[in-house]
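Q: Quick one: structure below, then a few questions.
We did not get these values from a lab; they are worked out from the coordinates using the rules stated. Please read these numbers as outputs of a predicted model, since none were measured by experiment. Cβ placement follows ideal geometry from the backbone for every residue including glycine, while neighbour counts extend to all protein chains displayed.
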Amino acid sequence: MKDPKVELLGCPENPQTMTVAAALGCFEERSSSEIMKELLSLPKEERLKKERAVLKNSFGRGHGSVGDLVHFTFGIEDLSRVSTLFLCSPEYPEHLQQSLRRADANRGFHLPEAIKDSRLANETEKSLNKTFDFYNRARAAGIPAEDARFVLPLCTKTNITTTINARELCHLYLMSKRFGIPSEAARLVEKMVTLAGDKTPYLFKDLGFNYEPLSWYPSAQLFNSLNLSLNEILEQIWDLRGRGGRTVFMLGYLQPYFVTEWSMQRAVSNKVEAELANLKHVHFEFMLSMSLACFHQAVRQRTWNHSVEGIYGAVEDALQNPESRTVVPPSVVKSEMLNEYKKVHHSLIELYEKLTKAGIPSSEAIGVIPHSLKIHDLVHINGWNAVHSIGKRTCREAQWEIRIIARKMATLMKEKLPALGKYAEPQCVTYKQCPETNDCGYLEKRLFKN
């Protein structure tokens, strides 16, 4: 088994010295640029000694802002979608990921050693290969690639480019040590820290371990064993578990008195940024049901706040209530491949159960789960998102599942807060022009209708 290939594509020149100069600049009369010039003029050993002392008493004591200024960009190849789900969970890092629609059977899967060394290794590989066989046949039969991919397992390999600052890299590292994190993801983060540490030998010396855990900006914990509060919410709105088929539920909203028809016109039509900033104080809380494929898109929407149910609990529920945890694309529903699609989906869920019963840790077996598994996501968005990101997601060019969810969210916002909801429209309506390469003509039809 080959681990993902991780390369440090870029970081600032003299990143550790820059960070130390910025930290010292908070307490000295001189500017950070002057301090940095002085540090670089010192003999290397003397400079490193001073940098270590400063970082030990700043970043090493939990002053996270010292680590915010230095960013590292990593190019990562052949990692599983499981690992990218973990990598994308904190809200501050930035990612550009290879689309699953570019998946190819030749790329293969990531199989942990625990599975490869087990008596179920051959059966697992055969089952996973069948998913790509279905994927290829579905595409040949006219099923769009974005729909055929739903039954591909989470261990399907992909590529990603990630930019992350030192504070969040420490956060990610500490998260990677928790119970339930897949081993590939943990090793991946270890490599990222090692490569960043080669450029900044003392910045990661203590890995921010003295940082108060309550001070990390909390991220969605997909690989947690249990999210009790979220489960309690689901119990109160039972149909969100899929029994009633509902996918969007508004839990609450808040509109300050200063958000009016007039202020919204100034914010959106006149593009007054001061008014747009006010929209960050409008709040909407939603419980969403979506596939893991859709969740992977939603969690990368960095200005949405997520709290997701644990994936292991979701799989256990899928074993008890298989139909309610299966997301089927409309194009598949209308095709002759519906029954086979469901069969492939359920076979992977059953494979997970077989692996765990054979002693494979859940964190290693989770890669065989298909992207079509339904997950519940507690999401907060603000008023600016209601205009901008909802506009992007309700566009006809958006992926069908996130588009349907966004349209339902927009409908609820229109009902509750009409002054703002009227701007929760496809982006062409808000921007008065289509920003996409292929104009679907929606804006023109809307203008003609009105």
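Q: Sort segment 352-450 into rounded, prolate or oblate with this rule: let a ≥ b ≥ c be the square roots of the eigenvalues of the Cα gyration tensor; rounded if a/c is under 1.5, and if a/c is not under 1.5, prolate when a/b is larger than b/c, oblate otherwise.
A: Details: a/c = 3.86, a/b = 2.30, b/c = 1.68.
Note, shape of segment 352-450 comes out prolate.
Q: Could I ask something else about it? If you put +1 on each Lys and Arg Cβ and -1 on each Asp and Glu Cβ, how big is the dipole of the chain around its Cα centre, in Debye rounded to 20?
A: So the dipole magnitude of the chain works out to roughly 760 debye.
Q: Scan segment 116-219 for chymotrypsin sites (Phe, Trp or Tyr not before Pro) in coil per DSSP, keeping those whose Cβ has at most 13 other Cβ atoms within 10 Å, and list them by number. List each step's numbers first, then the result.
A: On the way: sites: PHE132, PHE134, TYR135, PHE150, TYR173, PHE179, TYR202, PHE204, PHE209, TYR211, TRP216; in loops: PHE179, TYR202, PHE204, PHE209, TYR211, TRP216.
Those satisfying the criteria are PHE179, PHE209.
Q: Still on this model: Among rounded, prolate and oblate, which fits segment 1-149 when a ≥ b ≥ c are the square roots of the eigenvalues of its C-alpha gyration tensor, a/c under 1.5 means rounded, and a/b larger than b/c means prolate? Could you put the intermediate results ahead of the total?
A: Details: a/c = 3.77, a/b = 2.72, b/c = 1.39.
Prolate shape, in that a/c is at least 1.5 and a/b is the bigger ratio.
Q: Further question on the same structure: With springs only between Cα atoms under 10 Å apart, run a GNM on the chain and tell me which of PRO435, PRO418, PRO218 wobbles the most.
A: Answer for the Gaussian network model of the chain: PRO435.
Q: Only loop residues by DSSP count here, and only those with at most 16 other Cβ atoms within 10 Å; note down the GluC sites (Glu not before Pro) in segment 1-30 that meet that.
A: Filter output for segment 1-30: GLU13, GLU28, GLU29.
Q: Could you give the length gained by full extension between ARG178 and THR161, i.e. 0.36 nm per residue of separation minus their alpha carbon distance, to one decimal place?
A: Details: separation 17, 0.36 × 17 = 6.12 nm, distance 2.39 nm.
In short, 3.7 nm is gained.
Q: Which lysines does LYS416 reach when only Cα atoms under 30 Å apart count, and residues fewer than 8 places away in its own chain are ignored?
A: Straight-line reach from LYS416, under 30 Å: LYS271, LYS280, LYS374, LYS392, LYS408, LYS432, LYS445, LYS449.
Q: Also, I was wondering about something else. So between GLU235 and LYS49, what do we pick up on full extension, going 0.36 nm a residue minus the alpha carbon distance? Kindly include the intermediate steps, with their values, before the conclusion.
A: Numbers: separation 186, 0.36 × 186 = 66.96 nm, distance 5.64 nm.
Full-extension gain reported as 61.3 nm.
Q: Going down the table (LYS130/LYS177; LYS44/LYS177; LYS157/LYS205; LYS2/LYS126), which pairs top 27 Å between alpha carbons?
A: Working: LYS130/LYS177 33 Å; LYS44/LYS177 34 Å; LYS157/LYS205 32 Å; LYS2/LYS126 19 Å.
Exceeds cut-off: LYS130/LYS177; LYS44/LYS177; LYS157/LYS205.
Q: Each label point is 7 Å from the Cα along the Cα-to-Cβ direction; what then is the distance between the points at ALA141 and GLU436, in nm?
A: So the label points at ALA141 and GLU436 sit 2.6 nm apart.
Q: Can you tell me the FRET efficiency between ARG61 and LEU96 if r is taken as the Cβ-Cβ distance and R0 is 35 Å, rounded to the nearest 0.05?
A: 0.55
Q: Please list, ordered by chain and number, the residues whose modelled amide H lies under 5 Å from the amide H of LYS422; skip anything fewer than 5 residues away on the same chain.
A: For LYS422, whose amide H was placed from the backbone, there are no distant partners under 5 Å.
Q: For THR194 and ALA274 in one chain, what is 0.36 nm times their gap in residues minus the Cα-Cα distance, to one decimal in nm? Each step should come with its number before you reach the end.
A: Values: separation 80, 0.36 × 80 = 28.80 nm, distance 4.21 nm.
That pair, THR194 and ALA274, stretches by 24.6 nm at full extension.
Q: In segment 163-182, whose amide N lies under 11 Å from the spot 7 Å out along Cα-to-Cβ of SER33? List them in ranges.
A: Answer for segment 163-182: none.
Q: Using r as the Cβ-Cβ distance of HIS281 and ASN122, and R0 as 56 Å, what FRET efficiency do you calculate, to the nearest 0.05?
A: Details: r = 57 Å, r/R0 = 1.02.
With R0 = 56 Å, the Cβ-Cβ based efficiency is 0.45.
Q: Within 10 Å of each candidate Cβ there may be at most 13 other Cβ atoms; applying that plus a DSSP loop requirement, which trypsin sites (Lys or Arg not before Pro) in segment 286-335 survive? Kindly include the intermediate steps, with their values, before the conclusion.
A: Working: sites: ARG300, ARG302, ARG325, LYS334; in loops: ARG300, ARG302, LYS334.
Passing both the DSSP loop test and the Cβ count: LYS334.
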